Amino acid sequence: MGLQNQQKELFGYNIDLDRRVRPENPLRKIAAAIDFSFARAEVGRTYGQNGNVSVDPAVILKMMFLLFFDNIASERELMQIIPERMDYLWFLGYGLNDSVPNHSVLSKARARWGTKVFEQLFLRTLGQCVAAGLVDGKKIHLDGSLVAANASTDSVVTGSAELIGALRQVYREQASKLTEGLGVLPVATPLGPINRTHVSTTDPEAELARGRSTASRPSYKHHRVVDNAHGVITAHLTTGGSVKEDTQLLELVEQHEGNTALRVQTVVADAQYGTVDNFLECMDRGIEPHMADLAAAQARGGRRSEFFGEDRFIYDAVTDTYRCPAGQEMRRWQKRADKGAYQYMARAGICDKCALRGQCTKAKSGRRIQRFDRQEQLQQARARSQSKSARRDRQRRKHLLEGSFADASNNHGFKRARWRGLWRQKIQNHLIAACQNIRILLRKNVLQPAAALGMLNPELFQLKNQVRSREWLFSHRIQSNVLWN
């Protein structure tokens, strides 16, 4: 029977961490595939020539990557774990006896760097996915998810719109003193009725919002695009919690095309994106709209579900009138310039005497039908959104995109903000998206050495896409003008 010698060695010789870390350790593949040293050139302008020498920016970026890759609870805990993990020490380039910096190094680096370097890390992981053939680019899935801000509901104060507006301006001025020169200055954005009279004193940039099953609280919103082939995250945006998801569709599509140099052909999304503006925008761009129809969803489950649908009203193009289910004529009544549409109604008193009024409307003035200036194109887009292929794509979206959000929540701490401020939340989302893309590469076992991939430069991707986009847009505008005219 053996007996372990508990005597501590006075000296250690020939300790090679490279031999101690197993070959299949994920950090080995990540270190070979992602060159974190790009951070030095990216943030070099933020350092001076005098004073103390900083921790290597590449090491700091790796530390913040580990914080989300292994979902470590805090930066303090990360610094405590690093000396205990030989693979962490090897990944960071430390020896067994090297001292680990204080956790405040990470927060100071974020305040010094801004968001750009973290966006570049995300783009480099996306470049790996494109190079590995994991991104098709033609069909994308869109959705948004609320992220709870690092602020409680008790921090929310209420007042008049003028008072809260002045308070927000004071907060912006104070924040600008701390972030001057970083390109992350808080700016005034349009707010909804609630957020014009409410503000969190802890995180003024967070906005009150509520989910389907959650109470209203200070939040941010993460808007995401995943590719249809393997669920790779190709684009994402971070906004205040009250920003509507449908307003971000165009920017997400353009960001996807800029990041991948691939043109979108099909957009898949739920009913929140299925607005008139989005349907027509997709038609103008030659994109197949596989979004659920918002108007149809509201008719099925909303307050008008008990009434006749608009499909029961027959339009006559010759007379520019509608025929209601009771056989009455409805003429053009009012122009809705803000929506690009006209409203049609029957003559005064007709609806009051109608036997079908209870099945048609409760409005005192009678039933109205809205017809858009581009009604034919809108009907064509809505018909495509109800095709078998569109419904099949929306079924796939449920596990592909919602699964991406679930993975981010379970493995990377996605649902709660670690820090405060919109620009810091953008950093968190860049890092989480990078972690998820890398895990897809690890799962597919297709990580390649960074030196072997000359197309990983994000600027090269964007330049290539600009050339393609201009050529496509020029030809497509000619085709669309012929089609619509």
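Bear in mind that the values in this text are calculations on the coordinates, not laboratory data. Keep in mind the model is a prediction, meaning the values are calculated, not measured. Quick reminder, even Gly has a Cβ in these numbers, built from the backbone with ideal geometry, and neighbours come from all protein chains shown.
When you count, for each residue, the other Cβ atoms within 10 Å and take the mean per peptide, how do 440-448, 285-293, 99-107 rank with the highest first?
Final packing ranking: 285-293, 440-448, 99-107.
For the peptides 154-160, 390-396, 135-141, what is the packing order when you average, over each peptide's residues, the other Cβ atoms within 10 Å and list the highest mean first?
The packing order, highest mean first, is 135-141, 390-396, 154-160.
Sequence-distant or interchain residues sharing an amide H contact under 5 Å with Ser219, placed H: which?
Ala149, Glu207, Leu208, Ala209, Gly241
Which longest uninterrupted range of the chain lacks any GluC sites (Glu not before Pro) assigned by DSSP to a loop state (not H, G, I, E or B) and surrounded by at most 13 other Cβ atoms within 10 Å? Present the calculation step by step, with values, prior to reporting the outcome.
On the way: sites that count: Glu9, Glu24, Glu180, Glu306.
Within the chain, the longest run free of exposed GluC sites (Glu not before Pro) spans 307-485.
Could you state the number of Å between the C-alpha centres of region 86-108 and region 26-73?
Spelled out, the Cα-based centre of one part sits 11 Å from the other.
Can you run phi through the Karplus equation (6.51, -1.76, 1.60; θ = phi - 60°) for region 82-95 and list ³J(HN,Hα) in whole Hz, with x for Gly and Pro?
3, x, 8, 10, 5, 5, 5, 4, 5, 4, 8, x, 8, x
Quick one: angle between helix 57-69 and the longest Cα principal axis of the chain, in degrees between 0 and 90, rounded to 10, please.
Approximately 60 degrees, to the nearest 10.
Under 20 Å between alpha carbons, and skipping anything fewer than 8 positions from Lys29 in its own chain: which aspartates and glutamates qualify?
Of all the aspartates and glutamates, those that pass the test against Lys29 - Cα under 20 Å, at least 8 places apart if same chain - are Asp16, Asp18, Asp70, Asp87.
Order of 208-221, 260-273, 334-347 by packing, highest average Cβ count within 10 Å first? Intermediate results must be reported in sequence, preceding the final value.
Details: 208-221: 17.0, 260-273: 21.5, 334-347: 14.6.
The most tightly packed comes first, giving 260-273, 208-221, 334-347.
On a 0 to 90 degree scale, rounded to 10, what angle separates helix 458-484 from the longest Cα axis of the chain?
Roughly 10 degrees, rounded to the nearest 10.
Which of the following values of mean projected area of the Cα convex hull in nm² was calculated from the structure shown: (1) 23.9; (2) 29.4; (3) 32.9?
Given (1) 23.9; (2) 29.4; (3) 32.9, the structure-derived one carries the label (3).
Need one number: % antiparallel among DSSP beta bridges in the chain, to the nearest 5.
So the antiparallel bridges in the chain amount to around 80 percent.
Calculate how steeply helix 375-385 sits against the longest principal axis of the alpha-carbon atoms of the chain, using the helix alpha-carbon long axis, and give the answer as 0 to 90 degrees to the nearest 10.
Roughly 50 degrees, rounded to the nearest 10.
Hey, how many Å between the Cα centroid of region 339-354 and the Cα centroid of region 266-316?
Value for the Cα centre distance between the two parts: 22 Å.
Per DSSP H run of at least 4 residues, take -39500 (n - 2.57); add these up for the chain, divide by its residues and hand me the 222 nm value, nearest 500 deg cm²/dmol.
-13500 deg cm²/dmol
Per-residue HN-Hα couplings for region 112-117, Karplus 6.51 cos²θ - 1.76 cosθ + 1.60 at θ = phi - 60°, whole Hz, x for Gly and Pro?
7, 7, x, 9, 4, 5
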